[in-house]
1. What is the one condition in (1) surrounded by 14 or more Cβ atoms within 10 Å (Cβ to Cβ); (2) at pLDDT 95 or above; (3) over 16 Å from the mean Cα position of the chain (by Cα) that residue 103 does not satisfy?
2. Would you confirm, using the coordinates I've provided, whether residue 19 is modelled with pLDDT under 75, hydroxyl-bearing (Ser, Thr, Tyr), in a helix (DSSP H, G or I) and surrounded by fewer than 17 Cβ atoms within 10 Å (Cβ to Cβ)?
3. How many residues does segment 63-76 contain that are farther than 17 Å from residue 127 by Cβ, surrounded by fewer than 17 Cβ atoms within 10 Å (Cβ to Cβ) and not basic (Lys, Arg)?
4. Within 17 Å of residue 143 (Cβ to Cβ) and of a type in the set (S, T, N, Q), is that true of residue 108?
5. List, please: which pairs have Cβ atoms under 7 Å, are six or more places apart or on different chains, and start with a residue in segment 41-70 that is outside any helix (DSSP H, G or I) and end with one that is surrounded by 12 or more Cβ atoms within 10 Å (Cβ to Cβ) and of a type in the set (Gly, Ala, Ser)?
6. Under 6 Å by Cβ, and 6 or more places apart or on different chains, what pairs join a residue from segment 135-163 that is over 13 Å from residue 56 (Cα atoms) and polar (S, T, N, Q) with one that is at pLDDT below 80 and assigned to a loop (DSSP other than H, G, I, E, B)?
Amino acid sequence: MTALAAPAHTGHIRRIAATALLVLAVIVLALLVRPFIGTSDYRTPAWAIWVHLATVIPALPLGAWLLWRRRKGDAAHRIGGRVWVLLMIVTAIDSFWIRTITGGIGPTHLFSLVTLVQIPRAILFAKSGQIERHRRTMRGVYFGLIAAGFFAMAPGRTLWALIFG
């Protein structure tokens, strides 16, 4: 490696940062245009918030444990992975009932769509022996969960209101 070559992970960090900035820009844009498009009568049902929290809260530590434990592919990894996948799929589907900024589907719902596409791909990668692709895809979904949680903390969002009143 030459002195000018960047580490391989730099590209991943740049893509994550660019995606985060893009989603943040779309959220800011949605907040800016909201007064001009009117309000919605839609109200997020309380059950959707509770289902979302009940699946997201355990998915965070379980996903971290699965990604960073030394041993992979054993029974604990497979069982934990199945539980994590179930939690993430329920979280992603449930998110479409949570619409507090615009009253409609918003930019953070892109994370849900990506999750619903990437998880089946990651499972296929693991089953076909493409372990590095499986690992990268699952890490991407996990970091998407973290990013979505970060954006859920934006002022005016339901999670912000629940925590800060």
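The values are calculated or read from the model by the stated rules, or taken from the named source; none is laboratory data. Keep in mind the model is a prediction, meaning the values are calculated, not measured. Don't worry about glycine lacking a Cβ; one is built from the backbone with ideal geometry, like all the others, and counts go over all protein chains shown.
1. For residue 103, the exception is condition (2).
2. Details: modelled with pLDDT under 75: yes; hydroxyl-bearing (Ser, Thr, Tyr): yes; in a helix (DSSP H, G or I): yes; surrounded by fewer than 17 Cβ atoms within 10 Å (Cβ to Cβ): no.
No; evaluated as a whole, the condition is false for this residue.
3. First pass over segment 63-76, keeping only residues farther than 17 Å from residue 127 by Cβ: 63-65, 67-71, 76.
In the following step, the residues that additionally are surrounded by fewer than 17 Cβ atoms within 10 Å (Cβ to Cβ) were identified as 64-65, 67-71, 76.
Next, only the ones that are not basic (Lys, Arg) stay: 64-65, 67-68, 76.
So the answer is 5.
4. Values: within 17 Å of residue 143 (Cβ to Cβ): yes; of a type in the set (S, T, N, Q): yes.
So residue 108 passes the test.
5. 42/103
6. Cβ pairs passing all conditions: 158/100.
Let's see how each residue does on (1) crowded, with 18+ Cβ neighbours inside 10 Å; (2) within 29 Å of residue 14 (Cα to Cα); (3) small (Gly, Ala, Ser); (4) in contact with a Pro (Cβ under 6 Å, 6 or more places away or on another chain):
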| site | (1), (2), (3), (4) |
| --- | --- |
| 55 | yes, yes, no, no |
| 78 | no, no, no, no |
| 92 | yes, yes, yes, no |
| 107 | yes, yes, no, no |
| 116 | no, yes, no, no |
| 122 | yes, yes, yes, no |
| 132 | no, yes, no, no |
